[in-house]
Amino acid sequence: MKRFGILAIGLCIVLAVARAGAADDEGFVPLFNGRDLSGWVNVNCAPNTFTVRDGMILSTGVPTGVMRTDRQYENFIFELDWRHMRPKGNAGLFVWSDPLTAPGVPFSRSIEIQILDGRNTENYTSHGDIFSIHGSTMEPDRPHPNGWARCLPSERRCKPAGQWNHYRVECNDGSIKLAVNGKVVCGAGKCKYRKGYICLESEGSPCQFRNIRIKELPSTNPKPDEIAQTAQDFKSLYTGVDLSGWKAEPGDEGHWVPKNWRLDYDGKSEAKDKNLWTEKEYGDFVLVCDWRWSGKPVKRNRPVLLPSGDEALDENGKPKTVEVPDAGDSGIYLRGSDKAQVNIWCWPVGSGEVWSYRKDKDMPAEVRAGVTPKLNADNPIGRWNRFVITMKGDRLTVELNGKTVIEKAQLPGVPKRGPIALQHHGDPIQFANLFIRELD
């Protein structure tokens, strides 16, 4: 009898697992198994931002960020229940999303379906709004009062905080229809993109989700430029709530400060080593890093660099300078080397250069030229910038705001492995969206 009981229990578990991935009579399959977060990827949140309990996904709302599906979806019907746990809570559902967050924000390029409580205005409602964010586009089914690319629901059907609400979202051939608690209230068409990931959003307050399921519909063959970016196994280096994964030292406290999705530095660390280093060492990798100056710029004269890496001279043979608004100096150290530093500064040549290699007269001319930016791609002071830094062997490529400023520059003698650091140079700066993809 004992053996039969054990076999019966085992059979029940097998059947339960099988049902979790099987389609029901309507063709829906679960996107959440009720036990864990299999099938979902935490993009930029803390490890405990999204957890599972009693068949629900619980979001703390901290930090602001997203969790996405592990694969893309094109045409589908998606359903879920949600409830806020306190009045005026904020969350969201993203469809046709990129896998990573957009530059300078904690959200991905996508179409957002609002999940908000008790904040209705003439321009937005607390639930049911559909709108494009961070580079996506759409046409609302009804004109917005201010002409925004945002569809307001025809009626307010959501229950208040503490009570469950049901969303049914039909996405097909670039169009969206949203039903709130059983009735279609809004929609949009001509969406771009129309294939991508599905995300649950964390935005400042506790929210719960359950009964998440999807029914895929036949493809309508989107063009390549209508498909979101494909995930490439990037991992977040920053939790948004603390400095886990970084070597914070005595004297850093109060200076390197986690502030939700941003990491603020006031330039005044009192630590022995004021730079902030990763605990882990890396060899070949692709690093994504957003940054912006947070201090007030002042006008300073800065040198003009030639493509060779040499400083330009004026008609009198003296170093040529130009006046620029200057908010500071910082950088990113690669593989534990302060010589292999990708500069962040306000010089005319722009950010991205490797100063110590450029200034080293013992380096070959092609090395010094290679580490000098091809163009200035910095955004104006106060706006966010995005680095995509690739290290393969001793070769460095730096993209800044979508433009290649350093291409396969050689860094002779650079270590094969080492930690990465955000540089202290005495000036205030903010970092965000720190992601890494290891290549070795």
Study note, to complete from the structure: Checked 70, 81 against criteria (closer than 24 Å to residue 238 by Cβ, acidic (Asp, Glu) and touching a strand residue (DSSP E or B) at 6+ places or on another chain (Cβ under 8 Å)); the one match is 70
Study note, to complete from the structure: The correct count of residues that are closer than 22 Å to residue 234 by Cβ and out of contact with any Phe, Trp or Tyr (no Cβ under 8 Å at 6 or more places or on another chain) in segment 52-63 is 1
Check your understanding: When only residues in segment 288-302 that are under 14 Å from residue 345 (Cβ atoms) and surrounded by 15 or more Cβ atoms within 10 Å (Cβ to Cβ) count, which is nearest to the chain's Cα centre (by Cα)?
Key -> 291
Check your understanding: Mind checking which residues of segment 240-265 are basic (Lys, Arg) and in a loop (DSSP other than H, G, I, E, B)?
Key -> 247
Point to revise | Candidate set from segment 141-170 (those that are surrounded by 16 or more Cβ atoms within 10 Å (Cβ to Cβ) and small (Gly, Ala, Ser)); member that is farthest from the chain's Cα centre (by Cα) | key: 161
Check your understanding: Picking from 218, 224, which residue would you name as being closer than 20 Å to residue 109 by Cβ, more than 20 Å from the chain's Cα centre (by Cα) and surrounded by fewer than 18 Cβ atoms within 10 Å (Cβ to Cβ)?
Key -> 224
**Study point:** Search result, residues across segment 285-330 that are on the phi > 0 side of the Ramachandran plot and part of a strand (DSSP E or B)
**Key:** none
Exercise for review: Specify which of the listed residues (105, 169, 95) is in contact with a His (Cβ under 7 Å, 6 or more places away or on another chain) and β-branched (Val, Ile, Thr).
Suggested key: 105
Practice item. Within segment 339-390, count every residue that is polar (S, T, N, Q) and not in a loop (DSSP other than H, G, I, E, B). Key: 5
Revision key, fill the gap. If you go through 128, 189, the only one that is touching a Gly at 6+ places or on another chain (Cβ under 7 Å), more than 23 Å from residue 37 (Cα to Cα) and not assigned by TED's automatic domain parsing to the domain that holds residue 387 is 189
Practice item. Kindly establish whether residue 338 is under 23 Å from residue 434 (Cβ atoms) and acidic (Asp, Glu). Key: yes
Practice item. Quickly run through segment 411-428 and pick out the residues that are touching a strand residue (DSSP E or B) at 6+ places or on another chain (Cβ under 6 Å) and assigned to a strand (DSSP E or B). Key: 421, 422
Practice item. Return the total of residues in segment 298-340 being free of Cβ contacts under 8 Å to residues at least 24 places away in the same chain and farther than 30 Å from residue 393 by Cα. Key: 11
Exercise for review: Name, by its number, the condition in (1) acidic (Asp, Glu); (2) closer than 21 Å to residue 265 by Cα; (3) surrounded by 15 or more Cβ atoms within 10 Å (Cβ to Cβ) that does not hold for residue 353.
Suggested key: (2)
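Residue by residue, here is whether (1) touching a Leu at 6+ places or on another chain (Cβ under 6 Å); (2) free of Cβ contacts under 8 Å to residues at least 60 places away in the same chain; (3) farther than 24 Å from residue 109 by Cα holds:
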{"position": "155", "(1), (2), (3)": "no, yes, yes"}
{"position": "173", "(1), (2), (3)": "no, no, no"}
{"position": "176", "(1), (2), (3)": "no, no, no"}
{"position": "181", "(1), (2), (3)": "no, yes, yes"}
{"position": "187", "(1), (2), (3)": "no, yes, no"}
{"position": "193", "(1), (2), (3)": "no, no, no"}
{"position": "196", "(1), (2), (3)": "no, no, no"}
**Study point:** Subset of segment 167-223 [in contact with a Lys or Arg (Cβ under 7 Å, 6 or more places away or on another chain), in a strand (DSSP E or B) and either of a type in the set (D, E, K, R) or farther than 16 Å from residue 57 by Cα (or both)]
**Key:** 170, 179, 180, 183, 184, 185, 187, 197
Point to revise | Elements of type strands (runs of 3 or more DSSP E) contained in segment 17-98, each with 3 or more residues being assigned by TED's automatic domain parsing to the domain that holds residue 432 and closer than 16 Å to residue 169 by Cα | key: none
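The values are calculated or read from the model by the stated rules, or taken from the named source; none is laboratory data. Values in this document were obtained by computation on a predicted structure and should not be read as measured data. Methodologically, a virtual Cβ is constructed for each residue, glycine included, from the backbone with ideal geometry; neighbour enumeration extends over all protein chains shown.
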